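Q: Below: one structure in structure tokens.
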Amino acid sequence: MLGADLSPDGSTWYLTANKEDFAEVHFYTLPARGGTITKVTEPVGRQDADVSPDGKWLAISHSVSNHPPELYVQEDRAGRPMRQVTESTTEEWRQGPWIKPEIVMIPGRDGVQVPARLYRPTANIAPEGQRPAVIFVHGAGYAQNVHNWWSSYYREYMFDHLLASKGYTVLDIDYRGSAGHGRDWRVAIYRHMGGKDLDDQVDGARWMVRELGVDSARIGIFGGSYGGFMTLMAMFTAPGIFKAGAALRPVTDWAYYNDGYTSAILNDPQDDSVAYRVSSPIFHAEGLQGRLLICHGLVDDNVLFYDTARLTQRLIELGKENWQVAFYPVERHGFTEVSSWRDEYKRILKLFEETLK
């Protein structure tokens, strides 16, 4: 259940939910005194609806995986057609070959089915067994990015296309802890971030080798924020799996991060130091084997640059040589300058081209 509102007359619940499929969000109605739930919207994707004051019409924000949200209107009755009101994209953008990524289920080592978005290579496809691959790790930890609607990671969505056009297989996993898959999924990382959630990335890498002709020696990983943290844990604690990783604005020590977020998962540092130690990349940096790129804004107000500075010193002390840091003097956690985004993704692409091809 993603949202619930009572109609002005108190007779009907208006519900927004993924009742049939984790990859779909629809608008439903339910009699307030009980009865049958009715699915009102039908198109594939996501529908977020507002009901008109008279209860007769819906204003719907609708999107699919290869097109951003647009405004539609529909009668507030099941099965009625939606009429498009807006078109926010340009003609040039619409001419792009924007992929609707496949949703696949990857067998986890503990018997669960792990959902993922798959981008198959579209050009320069290497022979089977020699293909390079990249795993993108979404941020927040609790986000959902495997679905049939427009992703909030739209820059990464477009970058994944670029990788596919250069011959990479790209996988984007809703690892343990992600939203949209129920309570057990959300709480599976309790007391160990970088545990089962990292297992899901490793299992995804091995699945691509088994099923998609990927070379086990040509797999990279990247992500920002929680995805940056996961990239560090992958490079430090999963030896031999990932040849290259790009960790963007990563948490390196959870004891220094936002208490309201972290303590709900790892408890308080003074009460559960073991959980913080096993979950913090800075304590595992000696395990670095592949090539690592770290990118971080100097004025990051979410994950402070201090995290990357401490890890940098630790890598120096350990004598590691296969890493580099790019810092961005004017950027906070979410970059705002086009030049910064361009520079960051050029560096990531260069890393993968030099190490995975």
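What follows draws every value from the coordinates through simple rules; no lab data is involved. Quantities reported herein were computed from a predicted structural model and do not represent experimental measurements. No Cβ is skipped: glycine too gets one built from the backbone with ideal geometry, and neighbour counts run over all protein chains shown.
Q: Please report, to two decimal places, log10 I(q)/I(0) for region 102-204 at q = 0.15, 0.21 Å⁻¹ as given by the Debye formula with identical point scatterers on the Cα atoms and no solvent.
A: Taken in order of the listed q values, log10 I(q)/I(0) reads -0.62, -1.09.
Q: Given the peptides 227-233, 345-351, arrange them by the average over their residues of other C-beta atoms within 10 Å, most packed first.
A: The peptides rank, most packed first, as 227-233, 345-351.
Q: Go through 152-160, 50-58, 276-284 and give me the packing order, highest mean Cβ count within 10 Å leading.
A: Averaged packing, sorted descending, gives the order 276-284, 152-160, 50-58.
Q: Still on this structure, please answer the following. For the modelled label position 7 Å from the Cα of Ile125 along Cα-to-Cβ, which residues of region 158-187 have backbone nitrogen atoms closer than 14 Å?
A: Once the point is set 7 Å along Cα→Cβ of Ile125, 164-170 turn out to lie under 14 Å by backbone N, inside region 158-187.
Q: All other residues with a Cβ under 13 Å from the Cβ of Tyr168 taken together, and with Lys, Arg as +1 and Asp, Glu as -1, what is their net charge?
A: Around Tyr168, the surrounding residues sum to +2.
Q: Apply the Karplus curve 6.51 cos²θ - 1.76 cosθ + 1.60, θ = phi - 60°, to the phi angles in region 213-228 and return the couplings in whole Hz, x for Gly and Pro.
A: x, 7, 7, 4, 9, 10, 10, x, 8, 8, x, x, 6, 4, x, x
Q: Mind listing the phi-derived Karplus ³J(HN,Hα) values for region 201-210, rounded to whole Hz, using 6.51, -1.76 and 1.60 with θ = phi - 60°, and x for any glycine or proline?
A: 5, 5, 5, x, 4, 5, 5, 5, 5, 5
Q: Taking region 264-350, how much of its Cα-Cα pair set, in percent, is spaced more than 17 angstrom apart?
A: In whole percent, the share of Cα-Cα pairs in region 264-350 beyond 17 Å is 59.
Q: Compute the angle between helix 338-356 and the longest alpha-carbon principal axis of the chain, please, reported from 0 to 90 degrees and rounded to the nearest 10.
A: Approximately 60 degrees, to the nearest 10.
Q: For a quick check: with amide H placed at 1.01 Å from N, whose amide H comes under 5 Å from Trp57's, ignoring anything fewer than 5 positions away on the same chain?
A: Amide H neighbours of Trp57, under 5 Å, 5+ apart: Ser52, Asp76.
Q: Next question. Determine by what factor the alpha-carbon radius of gyration of region 9-105 differs from 2.2 N^0.38 Å, reporting the quotient.
A: That works out to 1.21 for region 9-105.
Q: What number comes out for the charge environment of Lys56, summing +1 per Lys or Arg and -1 per Asp or Glu over other residues with Cβ under 15 Å away?
A: Taking every other residue near Lys56 into account, the sum is -2.
Q: Still on this structure, please answer the following. Once you've got the GNM for the chain with C-alpha springs shorter than 10 Å, pick whichever of Glu91, Glu344, Glu70 has the biggest mean-square fluctuation.
A: Glu91
Q: Report, largest value first, the span of the C-alpha coordinates of the chain along each principal axis, in whole Å.
A: Here the spans come out as 69, 53, 44 Å, largest first.
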